[in-house]
Amino acid sequence: MDSTQQGPTRSRSGRRLPAWLRGAPGRVLGLAVVVVLVVVLAVSCGGGRESATAVPVLGDGPDAGVEGVRAASERTGGTLRVVTGDVDSLDPQVSYQPGVWNLMRLYTRTLVTYSSEPGRTAELVPDLATDTGTTQDGGLTWTFTLREGARFENGRAITSRDVKYGIERSFASDVVVGGPTYAVGLLDDRANPYPGPYQDEDPARLGLASVQTPDDLTIVFRLRYAEPDFPHVLALPASSPVPAENDTGAGYGADPVSSGPYAVTTVDPETGIVLDRNPQWDRASDGLRTALPDRVVVRTGLSQLERDQMLLAGSADVDVSGAGVHPATSSRLAEGGGEVPLADRVDDVTSGAVRMLALPTDVAPMDDPGCRAAVAAAVDRGAVQEAVGGADNAVRTSQLWPRAIAGGPEDPDPGPDPGAARAALAACGRPDGFSTVLAVPDAQASIDVAEEIADQLGAVGIEVDVRPLPAASFYATDVGSPDNVARNGFGVVLVTWRAGLPTPGSFLVPLADGRSVTDPGNTNYARLTDPALSGLVDTARAAPDAGAAVSGWRELATAARATDAYVPLVEARVQLLAGQRLHNGVVMQPYAGYDLATAGVR
């Protein structure tokens, strides 16, 4: 039946679900979510009894939740009031938003997950599994054993087959649309692609052949190539278990079956998403989640300023969007009035999103290393930092390595060197400079940076035509198509790159491995196809231990940076504002927000 002819979908409480949760096939990532919500500034989501005026304001000082716990407490009860922007889906195999992944820590579990230990939240710990996985062949085969006692909200025990089925859903690209596909790339047989569970009509076929479940507690993954980062892939909600008997395909996000301490009980455009305690969750089988609140209420579709207002007014406890506060709010953070200075409620973190110039090596004159070196030498990162709002919004960086990932190359933070730029121009046979096109997303913040770069390059004789392109298609087809880049002569591309996983390999491979070039959807924006760089990728992946792997990735980062095909500029900084009642606030670095798995209220 055509989905447009079906009756209204309802939640367990009988309320009509908003359109974005009705699961129409063909939904794509990035579809704007239309959820009209009432912004209440004085009364909490749980009612007047939890008014902001009834509780003290918690502070603990600046950055208390980065390396420690903000307002530590073991108190249970109450309603945790969460705010966020648009939500793409509550289906764990569909969502591709880190803020939603944070929310999913409350109702999905995975074999492994991110630690809630302060300062170590990018590290993996066991969740449904007894350990973080074992491999006897350098990362080609991975074996996990599930712990006993974990159950779905319907009371059925979670088995290895449920984990496998959840992963299989990601292969059904015609039904489950928009989620991460890391597992697909690692587990699929390119000669005989797996179509997903909805088209697998052969009763004799046991689903995805590269994943084996010899018993209820054992699951074995056989990868296409060795990947030491594979456990990080399994930490994504897309790798969470789904009971096949409850799978409704594209509509699963309307009523996902919980494997965590809370279950989605209501989705309503006025009251928001409501999660209540899952009585089948066993604290003894889950050493990570504290499940302190009795209820979690999420108001979605709010602008950044609306979210800030609610946090400031005391009608929200935590913003999980990962965007931090609005620039207009930043100016208030130094205010000293009130019971607790606002600065004492702020945690400042880098986001992992690095803004950089990509200089395509197959577009003249950037095919000449000297011309690329001229661009790199002329760049003034301090001026770029000011163009994006100053040190509160970004930190300067000259390395292909996010700050939160340990072990990266030392950053000398070089300033502009016009003399070196002119010498490089002479070396590439263009002493008087050259002309080129700078492609940029058509957003004012990006255009401001592009125009600043154009001025800097113009000072040494490089004439830049700033070319704004539609933001919606910029990465997918405009600069994600090598043919389109070459055809339009885009010699410089302003991109923002953030890895999907908090590992150096996840950041570097899409940028520097020549085997990663695709058309469209390309992320190797500079078209680095040097076999030597790909060889460094293989060396890092084959490292015998974690220390050697980091050294290998650092060597790759240094070699890729030496080509001047990428010129890193700044890494975005996020200021997280804790709500007045938030306690047990731990900054979850991979999601640039407070960890909902441990958060509570008082």
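Of the residues Arg396, Arg345, Arg403, Arg372, the single one that is within 25 Å of the chain's Cα centre (by Cα) and surrounded by 22 or more Cβ atoms within 10 Å (Cβ to Cβ) is Arg345. Scanning the range 218-261 for residues that are part of a loop (DSSP other than H, G, I, E, B), of a type in the set (S, T, N, Q) and within 17 Å of Ile158 (Cβ to Cβ) gives Ser240, Ser258, Ser259. Please verify whether the range 408-431 includes one or more residues that are within 30 Å of Pro470 (Cα to Cα), among the small types (Gly, Ala, Ser) and surrounded by 16 or more Cβ atoms within 10 Å (Cβ to Cβ). For the range 408-431, residues within 30 Å of Pro470 (Cα to Cα), among the small types (Gly, Ala, Ser) and surrounded by 16 or more Cβ atoms within 10 Å (Cβ to Cβ): absent. Scanning the range 210-259 for residues that are loosely packed, with under 14 Cβ neighbours inside 10 Å and either modelled with pLDDT under 95 or of a type in the set (D, E, K, R) (or both) yields a total of 4.
Note on the range 493-602: no enclosed helices (runs of 4 or more DSSP H) hold 3 or more residues that are on the phi > 0 side of the Ramachandran plot and not assigned by TED's automatic domain parsing to the domain that holds Leu288. Within the range 373-393, residues that are over 24 Å from Ala526 (Cα atoms) reach partners that are of a type in the set (Ser, Thr, Tyr) and surrounded by fewer than 22 Cβ atoms within 10 Å (Cβ to Cβ) with beta carbons closer than 6 Å, at six or more positions or on different chains, in the pairs Asp392/Ser330. Those residues that are part of a loop (DSSP other than H, G, I, E, B), in contact with an Asp or Glu (Cβ under 9 Å, 6 or more places away or on another chain) and not charged (D, E, K, R), I need them from the range 63-84; list them, please. Those that are part of a loop (DSSP other than H, G, I, E, B), in contact with an Asp or Glu (Cβ under 9 Å, 6 or more places away or on another chain) and not charged (D, E, K, R): Ala64, Gly65, Val66, Gly68, Val69, Ala71, Ala72, Thr76, Gly77, Gly78, Thr84. Within the range 255-283, residues that are in the same structural domain as Glu153 (by TED's automatic domain parsing) have Cβ atoms under 6 Å from residues that are part of a loop (DSSP other than H, G, I, E, B) and surrounded by fewer than 18 Cβ atoms within 10 Å (Cβ to Cβ) in these pairs: Thr265/Arg12; Thr266/Ser13; Asp268/Arg15; Pro269/Val36; Gln280/Gly155; Asp282/Gly149, counting only partners at least 6 apart in sequence or on another chain. Based on what the data block shows, is Asp367 surrounded by fewer than 21 Cβ atoms within 10 Å (Cβ to Cβ) and either under 19 Å from Thr563 (Cβ atoms) or hydrophobic (A, V, I, L, M, F, W, C) (or both)? Considered against the rule, which asks whether it is surrounded by fewer than 21 Cβ atoms within 10 Å (Cβ to Cβ) and either under 19 Å from Thr563 (Cβ atoms) or hydrophobic (A, V, I, L, M, F, W, C) (or both), Asp367 comes out as yes.
Just one of the listed residues (Ala313, Ala291, Ala334) is aliphatic (A, V, I, L, M), without any contact (Cβ under 8 Å) to a residue 12 or more places away in the chain and either in contact with a Pro (Cβ under 6 Å, 6 or more places away or on another chain) or surrounded by fewer than 18 Cβ atoms within 10 Å (Cβ to Cβ) (or both), and it is Ala334.
Val325 - would you say it is at pLDDT 95 or above and of a type in the set (Val, Ile, Thr)? Taking the combined requirement at face value, the residue does not satisfy it.
Among the residues here, Glu306 qualifies as out of contact with any Gly (no Cβ under 8 Å at 6 or more places or on another chain) and either surrounded by fewer than 24 Cβ atoms within 10 Å (Cβ to Cβ) or within 30 Å of Trp553 (Cα to Cα) (or both). Name the residue that is nearest to the chain's Cα centre (by Cα), counting only residues in the range 546-602 that are within 18 Å of Gly324 (Cα to Cα) and of a type in the set (Gly, Ala, Ser). Out of the qualifying residues, it is Ala592. Residues in the range 504-522 that are of a type in the set (Ser, Thr, Tyr) and either more than 24 Å from the chain's Cα centre (by Cα) or modelled with pLDDT of 95 or more (or both): Ser506 alone. Looking across Ile447, Ile453, one residue alone is aliphatic (A, V, I, L, M), over 20 Å from Asp564 (Cα atoms) and part of a helix (DSSP H, G or I). It is Ile447.
Count of the range 93-133 residues, restricted to those that are assigned to a loop (DSSP other than H, G, I, E, B) and either at pLDDT 95 or above or not basic (Lys, Arg) (or both), is 26.
Of everything in the range 158-196 that is among the aromatic types (Phe, Trp, Tyr) and part of a loop (DSSP other than H, G, I, E, B), the residue that is farthest from Pro98 (Cα to Cα) is Tyr194.
The values are calculated or read from the model by the stated rules, or taken from the named source; none is laboratory data. These numbers were taken from a predicted model, which means no experiment stands behind them. Cβ atoms come from the backbone with ideal geometry, glycine included; neighbour counts cover every protein chain shown.
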